[in-house]
Structures are given as C-alpha cells and as structure tokens.
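Report on the structure given below.
We did not get these values from a lab; they are worked out from the coordinates using the rules stated. Because the structure is predicted, anything quoted here is derived from the model rather than measured. Because the Cβ atoms are built from the backbone with ideal geometry, glycine has one as well, and the counts that use them run over all protein chains shown.
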Amino acid sequence: MPEMKREAPSFSGKAETSPGGREDRTSEKAEKTEKAGKAGNGGKNAKRHRFRWMHIFEKPDFRVEREFLRFGKRLLFILLVLTELLVFLQMLPPAFRQNRWAALAATLGIEVVLSVSEAVKLFAVRGFRNKIYCYVVDFVAVFILTAVTGSTYLCALYLIILTEFYISSEKMLPSAILCAVCMLVYMFTLGVASFFRPTGALSFLATITQSFGDLIIMAVHFLLVNFSVRFYRQYLRLTKALKELDESKAELQKAYDNLAEVTALEERQRIARDIHDTAGHSITTVIMQTEAAKLIVDSRPEEAKSKIIAANLQAKHALEELRESVHLLSGISEKSTLKSALQSILNESSDGTGIRIRSEIDEISVSDAKYRFLCNALKEGISNGLRHGGATAFWFELKESEGKIRFLLSDNGSGVDINELKEGFGLSGMSGRAEALGGEIWFVSEPDEGFEIHLTLPSDGRTASGGEK
C-alpha cells in the first residue's frame, strides 16, 4: 500500500493558514459589513420616507397654530385643484360642440399656472411682501378664467384665494380692503365677460344682478373666516397664558417646597446647635461640679453642698432644655407665655436649693428666638452665680420701655474685678446671641459686690396677645 503522509499537528492546537487566506477572509468580511451597512441605511431611509408619507395622514393638533395652518393650507390647495377640475369639466361639452379647443387649452394652461402659483404661495414662500407677486398672478389668472369660461364655480376660486389671505393676515383692515377689491374685480370681470359674448351688452344693473349672490357669499365668507381665525388665535393666546400660569404655579410650588425643606433643615440645625451649646454645656458643668464636690466633701462639706446644689440646678435646666428641643423636633408646641416661663425657671431654681430669688417681670410678647434666648440667659446667669460666685440670693427684672426689652439679673455672690473678667463659654455665647438679635449685653461687678447681667433687646412692637401696638 502506498505510504500515507501526514502533517505534524501544530502544538498550538490552531489550524495553520496562509497569509493570503487570512487577507481573503478579511476582505470578504469587510464587503459583507459594507453591504449590511448599505442595506441598513437603505432600510432606514425607506422607513424615514414611509413615516414622512404617513405623517401627512396624521391627525393634526389644532392647539398648535403651525399645525393648524399647515392643515388649512393643504385643504385649500386640494379644494383649489377640485374647483379647477370642475371648471375644466364644465368647459368640455361646449368645447366639443363648438370646437373651442383653443379656449379649452387656454383654460387648462391658466389652471396649471394658478395651481403652481398657489402651491408656491402656500408651501414655499413666507411673508406678505414675498407673496405679493403670487397674489398678482392669482388674480390675473382668475380674471382670465372668468372672462374665458364664465363658469359658475369661479366664485369658489376667489373664496379659496381670500381664505389663504385671511388666515395669513394678522389685522382685520387689510382683509376687509382685499375683500372689497375682489368684489369689484369680480363684478368688473363678469361685466367684461358678458360684453364680449356674441349677444352680450355692457349693463351695470345686469352685472350687479348676476353677481349679487356671489357678492353676498364673499361678504359672509369674510365675516365667518376672519372672526373664526381671530377667535382661534385668541383661544391659543389664552391657552398659552394658562399653560404659562400653570408652569409658574408649579415652579412657585416647587420653590415653596424647597424653601419649606430648607427652613425645616435650618430649624433642625439650630435646635441641634442649641442642644450642643446649652444642654451639652450644662451636663459638662454638672459633671465638673459633682467631681469637685467629691474631692472636698470631707474637708469642706458646706462648699461641697453648694456645688452639689448648683449641679442639681444645672441638671434640671439641662433636662428642661432637652425636653424643649425634643418638643420642637417632634412639632409639639407647649410654649407658655414669656412671664410664665421665666417664673417657672425661678421657681425651679429656688425649690430645694435654699437660694432666694425676688423678681419683677412684665408680660411681654416676643418672637420665638428672643423667647428662647431670654430663658436660656436667665438659666445661665443663675447657674454662673451659684457656681462661680457662691450666690445665695438673686434679683431678676424684665421690663419693656421705649421700644426696648431690658433684662437685669443681679446676685450677692463674691463678684469679680470686671477688668479681669474672662468670658467663658456661657457668657460669650450670650454675647454673640444678643448681637445676632440686634441687642447688646454688658456685665457689672466688683469684688465682694456680686455680679450683674444687663441685657437689652429691640422690642417686637407686639402686645402680650400677639397684636400690634
């Protein structure tokens, strides 16, 4: 048997191909891709053209003036062609009987010219000045048709030409002038046509009698079309105004919602700052006071007792501030009058602490921000007097006079040299808040003469019931 030759298999596991074969396959693939691309583009173009033709038969949206005018122009052109066809068909029998082939050819030529002029005017030319030449051609063509044919359908041609002018014109006066001119031209054309007939004679009365019905139709057509077009345009203006109003309302509502969201976020941030600045500071003070009391409870029990009392009072104030912040966050308002709130702070401070507090408080109505600031200032002032000055008695006064709210808190503590006073967290926070509210704060003290906090704020100009003074 003949020996069979085998090719050694490739270690790569891939069939070996020549460079020429690879190039052939690459070129074939490129050709297929190109053909597929051409077929795809051809399909897209055919689809686009098909959709373009289908677009003609879509129902127009009459709420858009452009689509309304496009539909009206197409309808007018179709009516024009149908009217011209009727005129031509009406000319056929007499032309066959009388061998008037020239008149028939002239009629057909004039109708073609009129159709082309009308198509250019309706679909290609924009602006009244550019359409003037088309109007001249239209009226000349209609004039000749009237003179040559004397057809009963010629009035329809006038109405079609006038309709296109009416819907294109923005003002009533040019439409009325053109309508009157067309009436005169129509009467004149009928008179000339009857004069040039074999048995005809020029008679003004006969011309008016013959064209009276058509003139009435032109006048009624003028009124109906012009008022309908103006009513339609007014409807579009009102629709556009209502749409803009709805959009403005939606934008205002969105802005209001954003403002409400921002306001709520700012309020939450303010409450968070209040919790951090007041309650957090108070709790820190309580811890420091109790730690200090622990260290001196054996050696100086009276001083330790005073620090424990101050810490207890500070803890009460911190708890009250936390409650108020929680109520604000949850949307629950339990705010009493300013006088009641301040008196409650004084009562809580004196109950179980052994300190004496006398007060004189006017009933004043203030904003929420001032309400919170005055309450916090009173709490901070009492806590500072107990903690730093060892005070056992306080005098508090809140008055309103000459457009100012005047706050005074005085204690009988150890006092301090006012020139050496270093404002801590509480006092510096009070100073900054007073300035932010348009007021001012200052401190009066001398060694062994107690400590006074003076605060003034601009009045809100409201009575306690919330009304204007």
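Sequentially through the stretch 105-114, phi angles give Karplus couplings (6.51, -1.76, 1.60; θ = phi - 60°) of 5, 5, 4, 4, x, 5, 5, 5, 4, 5 Hz, Gly and Pro residues having no value and appearing as x.
Label the stretch 232-274 by shape, choosing from rounded, prolate and oblate, from the square roots a ≥ b ≥ c of the eigenvalues of the Cα gyration tensor; if a/c is under 1.5 it is rounded, and otherwise prolate applies when a/b is larger than b/c, oblate when it is not. Cα axes put the stretch 232-274 in the prolate bin. With contacts taken as Cα pairs under 8 Å and at least 6 residues apart, the stretch 65-202 reaches a relative contact order of 25 percent. Residue-wise HN-Hα couplings along the stretch 393-410, as the Karplus relation 6.51 cos²θ - 1.76 cosθ + 1.60 with θ = phi - 60° gives them from phi, are 8, 9, 10, 10, 9, 9, 10, 10, 7, 6, x, 10, 9, 10, 10, 9, 10, 10 Hz; Gly and Pro carry x.
Measuring r between the beta carbons of VAL64 and VAL140 and using R0 = 30 Å, the FRET efficiency lands at 0.30.
So how do 106-115, 219-228 stack up, highest first, on mean other-Cβ count within 10 Å?
Numbers: 106-115: 17.3, 219-228: 14.5.
With the highest mean Cβ count within 10 Å placed first, the list reads 106-115, 219-228.
Here the stretch 65-202 is treated with +1 on each Lys and Arg Cβ and -1 on each Asp and Glu Cβ, and its dipole about the Cα centre works out to around 100 debye. Residue-wise HN-Hα couplings along the stretch 306-323, as the Karplus relation 6.51 cos²θ - 1.76 cosθ + 1.60 with θ = phi - 60° gives them from phi, are 4, 5, 5, 4, 5, 5, 4, 5, 5, 5, 4, 5, 4, 5, 5, 5, 5, 4 Hz; Gly and Pro carry x. For a modelled paramagnetic label at VAL185, 7 Å from Cα along Cα-to-Cβ, the residues of the stretch 67-88 in reach, with backbone nitrogen under 18 Å, are 77, 80-81, 84. Rg and Dmax of the stretch 65-202, based on Cα coordinates, read 15.8, 51 Å. Annotation: peptides 373-382, 133-142, 312-321, ranked by per-residue average of other Cβ atoms within 10 Å with the highest first, follow the order 373-382, 312-321, 133-142. Across all Cα pairs in the stretch 337-469, the calculated P(r) in 5 Å bins from zero up to the longest distance comes to 2, 10, 22, 23, 20, 13, 7, 2, 1 percent per bin.
Cα centroids of the stretch 427-445 and the stretch 94-153: 94 Å apart. When each of the peptides 89-98, 171-180 is scored by how many other beta carbons lie within 10 Å of its residues on average, the order from highest to lowest is 171-180, 89-98. Ordering VAL181, LEU79, ALA119 by Cα displacement along the dipole of the stretch 65-202 toward the positive end leaves ALA119 in first place; charges were set at the Cβ atoms of Lys, Arg (+1) and Asp, Glu (-1).
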